[in-house]
Amino acid sequence: MNKKLYVGNLSYSVDDQQLNDLFSKVGPVVSATVLKDRYSGRSRGFGFVEMEEKDAQKAIKELDGKEFEGRKLVVNEARPRREEGFSRSR
């Protein structure tokens, strides 16, 4: 079964391929995505990586707190998305 990981504190220069390459050193990667701002196209500084469960646990142990591109990564299990459909008052 696959597990989705949250990867935070990414350098804004990191792209999907670099994220994939980093996690591939731990185990096979199903997907790796750096989230981008929808208007500017710039990285938002975090992303998600999907891996087999055993490899995901190994990636958390090996990569959480590791320096990558000048920043210490935050790697943990992704939380489920919040339910959309609520409105925010401004």
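Each reported figure results from applying straightforward, stated rules to the coordinates on display, with no laboratory input. For clarity, every value in this text was computed on a predicted model and none was experimentally measured. All Cβ positions, even for glycine, are placed from backbone atoms using ideal geometry, and neighbour counts span all protein chains on display.
The table that follows gives values for the structure above.
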quantity	calculated
Count of region 57-82 residues which are touching a helix residue (DSSP H, G or I) at 6+ places or on another chain (Cβ under 9 Å), part of a helix (DSSP H, G or I) and either of a type in the set (K, R) or within 16 Å of N2 (Cβ to Cβ) (or both)	1
Any hit, region 44-56, residues being part of a loop (DSSP other than H, G, I, E, B), surrounded by 14 or more Cβ atoms within 10 Å (Cβ to Cβ) and under 14 Å from the mean Cα position of the chain (by Cα)	no
Some residue of region 37-53 being of a type outside the set (G, A, S) and in contact (Cβ under 8 Å) with a residue 60 or more places away in the chain	no
Filtered residues of region 1-36 (kept if among the aromatic types (F, W, Y) and without any contact (Cβ under 8 Å) to a residue 40 or more places away in the chain)	Y12
Residue match in region 16-32 (condition: under 11 Å from the mean Cα position of the chain (by Cα) and assigned to a strand (DSSP E or B))	yes
Residues satisfying the stated conditions in region 57-68, i.e. of a type in the set (A, V, I, L, M) and either more than 14 Å from the chain's Cα centre (by Cα) or within 16 Å of R79 (Cβ to Cβ) (or both)	I60
Selection within region 26-43 - of a type in the set (S, T, N, Q) and surrounded by fewer than 17 Cβ atoms within 10 Å (Cβ to Cβ)	S31, T33, S40
